[in-house]
1. Would you pick out the residues in segment 302-349 that are touching a Phe, Trp or Tyr at 6+ places or on another chain (Cβ under 6 Å) and either more than 30 Å from Lys6 (Cβ to Cβ) or assigned by TED's automatic domain parsing to the domain that holds Met189 (or both)?
2. What number goes with the only condition from (1) without any contact (Cβ under 8 Å) to a residue 12 or more places away in the chain; (2) within 18 Å of the chain's Cα centre (by Cα) that Ala204 does not pass?
3. Test each condition in (1) over 22 Å from Val54 (Cβ atoms); (2) modelled with pLDDT under 95 for Gly283 and report the one that comes out false.
4. Look through segment 130-155, keep the residues that are of a type in the set (S, T, N, Q) and within 16 Å of Arg109 (Cβ to Cβ), and return whichever of them is surrounded by the fewest Cβ atoms within 10 Å (Cβ to Cβ).
5. Looking only at segment 263-281, how many residues end up being in a strand (DSSP E or B), buried (at least 19 other Cβ atoms within 10 Å of the Cβ) and among the small types (Gly, Ala, Ser)?
6. What are the residue pairs meeting all of these: first residue in segment 236-258, first residue in contact (Cβ under 8 Å) with a residue 12 or more places away in the chain, second residue surrounded by fewer than 22 Cβ atoms within 10 Å (Cβ to Cβ) and in a helix (DSSP H, G or I), Cβ atoms under 6 Å, and 6 or more apart or on different chains?
7. Using the structure shown, decide if Leu258 is more than 17 Å from Ile363 (Cα to Cα) and either surrounded by fewer than 24 Cβ atoms within 10 Å (Cβ to Cβ) or at pLDDT below 95 (or both).
8. Identify, please: which residue in segment 222-239 is in a helix (DSSP H, G or I) and in contact with a His (Cβ under 9 Å, 6 or more places away or on another chain) and is, among those, surrounded by the most Cβ atoms within 10 Å (Cβ to Cβ)?
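The values are calculated or read from the model by the stated rules, or taken from the named source; none is laboratory data. No experiment lies behind these values; they were computed from the predicted model shown. In this analysis, Cβ positions are derived from the backbone assuming ideal geometry, glycine residues included, and neighbour counts consider all displayed protein chains.
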Amino acid sequence: MTQGHKVVVSTFADNPMDAMEHHLSLQPMERPAAASLEPHEVLIGIRSAAVGWVDLLMTSGQYQHMPQPPYTPGMEYAGVVLATGTAVDPAQVKAGDRVLVDGLQVGPRSGGAYQSQGGFASYAVVPDTAAIRLPDKLSFDEACCLLGNYETAYHCLVVRGRLKAGETVLILGATGSTGLAAVHVAKLMGATVIAAGRSDAKLAFVQAQGADHVVNITHPDGSPGVRPFRTDVKALTGGRGVDVVYDGVGGEVSLESLRCVAFGARFLIVGWASTPGVANGRGQRGAPNANQLPTNLIMMKGLDVLGAPMVIATVNDPSLRAPRLARILQWVNEGRLKPHVSRTYPLTDFKDAMRAKWQGEVIGGCVLHP
């Protein structure tokens, strides 16, 4: 047996920072024996695991989906197949294959028997249907940042937002993992992209990644809050405003972005990264600090305000997924789409990786190496 390690969330914390300090630990993990695999199971040696915003929010039970502690975090990961069960078709997956693991079937955001098999670990046992062969063009690091980010961006922009070539989209939080994915997808759809964020250096990188324009939403004098950026956006759109807002941020920036839209625009609610304490900590649920949008602006602008929960929508309508995956993998294989990873850490430094993600230090993907 070969010993590895895994991260364990012992109990839900008050908030993710509390979880990192007091409720997460690195524990020994033995390599599962090949003989112990069920007929349709696959043993994965994990090489790369994404550190996602949702992974952090889950540690305090403040995300809408709550795994049962103790559990191993890490919704998305990639690695090498070490062994397969007796009924696994080698044409589908075999020992030695490079694979990414489907986080909707396995890990803390999934349901059922494989919820415990998170990616912050040396090994995982998954069903064969969850092991997707890696496109040759993707590294392990890139692969573990693919599905959640780009499926979210695609569902929100294309399915919910009905984004068309020639339209203009304002992407809030464009330097984050799903935000940068939204920039890539919007450009592939033929849209003009205005990327908003809080760092000139990070926004310059996002512009190099394809954004047509960038807007820094902070006050030049460093004072707190969001500066009025409507004038910037209106100037970039000839006074008209944007057709679509992609909002994964919430809070003050949402309100200001409502003033940046054309009449009849679509406002996509993707997340609320700036206001993570919407729900009570320790898994107590409720929404005592829920974000609010002004109905007067929504009415006068004739807005379509659209909730865009990719996972929940897919659970309710599984037919959404096949065309979405096909399009994303087509773009990858054509060399037109590649996730960006800016930070990597050994598994032993998982707390540093999680802090960097929480504090907004990461552009695009943050990855652990078990």
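1. Within segment 302-349, Gly302, Leu303, Val305, Arg324, Leu337 meet the criteria.
2. For Ala204, the exception is condition (2).
3. (1)
4. Ranking the qualifying residues of segment 130-155, first place goes to Thr152.
5. Within segment 263-281, residues that are in a strand (DSSP E or B), buried (at least 19 other Cβ atoms within 10 Å of the Cβ) and among the small types (Gly, Ala, Ser) number 1.
6. Pairs found: Leu258/Leu297.
7. So Leu258 fits the description; yes.
8. Per the stated criteria, the residue is Val233.
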